[in-house]
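The values are calculated or read from the model by the stated rules, or taken from the named source; none is laboratory data. These numbers were taken from a predicted model, which means no experiment stands behind them. Using ideal geometry, Cβ is built from the backbone for each residue, glycine included, and neighbour counts are taken over all protein chains shown.
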Amino acid sequence: MSDAPTTLLRWPAEGPSDESLSALLAAYHLRTQAEKGVPVGSPENLPARYRAEVEAPRTAFAGDTVLVATSGGTAAGCVVLSAPAGARSEVRRLWTEPAFRGRGIASALIRASFALSAAAGADTVRLSVWKWRTGAIGLYERLGFTVAESWDERDGLVCMERAL
């Protein structure tokens, strides 16, 4: 794997194909299902709401901002940023392909989310992360997120916020 520079693209206007984003989302959801102890084997077997994101990302994220990181022309990671609700934006679906980890891609995607959120009028960015994703939690803490009161009832989620 080369150390080609990473480029952040706003999908779909600048970004790679829908298929590239779908592949990133499928990898994210398949890994999450396996970590939850309910591996599904293929995107076709994902729960309906997650399968819909993989099959039709333009529809699933129509009101959101999606950034795709590329390295050497290959889709390497993604993040979905919700439009501000009140003064808060939410980061979802942060994913870096395992072959591209350790290059600062996730940090770059989150930092870009901060800038886009601030430009849209948000004063806070929030996210939720599964408690077993300790590496991700460490990254979020290094980027200034702190644990917040939960807004999601699913067991095992840690809710975090960062002021802009």
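Among the residues of the stretch 18-27, the one identified as farther than 17 Å from residue 71 by Cβ and either in contact with a His (Cβ under 8 Å, 6 or more places away or on another chain) or in contact (Cβ under 8 Å) with a residue 60 or more places away in the chain (or both) is 25. Report yes if residue 42 is touching a residue at least 12 places away in the same chain (Cβ under 8 Å), polar (S, T, N, Q) and touching a Leu at 6+ places or on another chain (Cβ under 8 Å), otherwise no. Yes: the conditions hold for residue 42. May I ask you to verify whether residue 63 is outside any helix (DSSP H, G or I), closer than 25 Å to residue 104 by Cα and either within 16 Å of the chain's Cα centre (by Cα) or among the small types (Gly, Ala, Ser) (or both)? It is false that residue 63 is outside any helix (DSSP H, G or I), closer than 25 Å to residue 104 by Cα and either within 16 Å of the chain's Cα centre (by Cα) or among the small types (Gly, Ala, Ser) (or both).
I'm checking my understanding of the structure. Among residues of the stretch 92-143 that are aromatic (Phe, Trp, Tyr) and not in a helix (DSSP H, G or I), which one is surrounded by the fewest Cβ atoms within 10 Å (Cβ to Cβ)? First the steps, then the outcome.
Step one: list which residues in the stretch 92-143 are aromatic (Phe, Trp, Tyr), which gives 95, 100, 114, 130, 132, 140.
Next, from what is left, pick out any that are not in a helix (DSSP H, G or I): 95, 130, 132.
On the way: 95: 22, 130: 15, 132: 12.
By that ranking, first place goes to 132.
Scanning the stretch 77-107 for residues that are of a type in the set (Gly, Ala, Ser) and either more than 23 Å from residue 124 (Cβ to Cβ) or touching a Ser or Thr at 6+ places or on another chain (Cβ under 8 Å) (or both) turns up 77, 82, 83, 87, 89, 99, 102, 104, 106. Among residues of the stretch 66-91 being in a strand (DSSP E or B) and surrounded by fewer than 17 Cβ atoms within 10 Å (Cβ to Cβ), the one that is modelled with the lowest pLDDT is 85.
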